[in-house]
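Trainee: Please find one structure pasted underneath; my questions will follow.
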Amino acid sequence: MTAAALMGARTTPVPRVFYALALGVGLFGLPFVLALASHVVTYALADYLRGLPPGSYDGEIIAGAVIAAFHALLGGAFGAVWPEVGWRWGVWLTALPICLASFVAPDAATFLAWAALTLLPACGAAQAAARLHLSYVEAG
């Protein structure tokens, strides 16, 4: 496929309903991911975390990794299905949760950590999945 045809494929408009779907998935997936992270830290890794010295941050790091992985999975899914938008799917997926976090974060550092933990994996995975999809379209 030529570069002009590939550029034409990238400018195909995505129906607006999918942007609303991304906002909804990001907002309604938030309680799920928080419960999943809590479950992983509380139950699945309880024996590991009990053996650590008090004051260790391993539980928070593991919970953060679960949250980041969930957002990367969502961003990758949207980026693979609709590659025309690319990394911007991550913004659509995390816009409402980040806005909510701005109201409940106790300080700017907590807000920025939450934004980095959700926005960066979602945008990165969406862009990577979009490029991968477009490379298969170009090769096929």
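The values are calculated or read from the model by the stated rules, or taken from the named source; none is laboratory data. In this text the structure is predicted, and so the values were computed from the model without any measurement. With ideal geometry, Cβ positions are generated from the backbone for all residues, glycine too; neighbour counts draw on all protein chains shown. Note: accessible area is taken over every heavy atom of the protein model, side chains too, but ligands, DNA and RNA are not part of it. Shrake-Rupley method; radii C 1.70, N 1.55, O 1.52, S 1.80 Å.
Trainee: Can you list, bin by bin at 10 Å, the percent of alpha carbon pairs in the range 54-114, starting at 0?
Mentor: Here the calculated profile for the range 54-114 is 20, 40, 30, 8, 1.
Trainee: Run the 1.4 Å probe and let me know the accessible area of I67, rounded to the nearest 10 Å².
Mentor: Here the accessible area works out near 10 Å².
Trainee: Send over a whole-number figure in Å² for the accessible area per residue of the range 33-119, probe 1.4 Å.
Mentor: So the range 33-119 comes to 56 Å² accessible per residue, rounded to a whole number.
Trainee: Please report, for the Cα atoms of the range 15-122, the Rg to one decimal and the Dmax as a whole number; what are they, in angstrom?
Mentor: Taking only Cα atoms of the range 15-122, I get Rg and Dmax of 15.2, 52 Å.
Trainee: Can you order the peptides 13-23, 104-114, 71-81, 126-136 by their average number of other Cβ atoms within 10 Å per residue, highest first? Show your work: numbers first, answer last.
Mentor: On the way: 13-23: 13.5, 104-114: 12.0, 71-81: 22.6, 126-136: 18.5.
Packing order, densest peptide first, comes out as 71-81, 126-136, 13-23, 104-114.
Trainee: If you stretched the chain out fully between A116 and R16, how much longer would it get, using 0.36 nm times the residue separation minus the C-alpha to C-alpha distance?
Mentor: Net length gain for the segment: 33.4 nm.
Trainee: At a 1.4 Å probe radius, carbon and sulfur cover how many percent of the accessible area of the range 70-123?
Mentor: Heavy-atom surface of the range 70-123 belonging to carbon and sulfur, 1.4 Å probe: 82 percent.
Trainee: Once R0 is set to 35 Å, what does the formula 1/(1 + (r/R0)^6) return for the Cβ-Cβ distance between L96 and L45, expressed as a FRET efficiency to the nearest 0.05?
Mentor: Working: r = 29 Å, r/R0 = 0.83.
Rounded to the nearest 0.05, the efficiency is 0.75.
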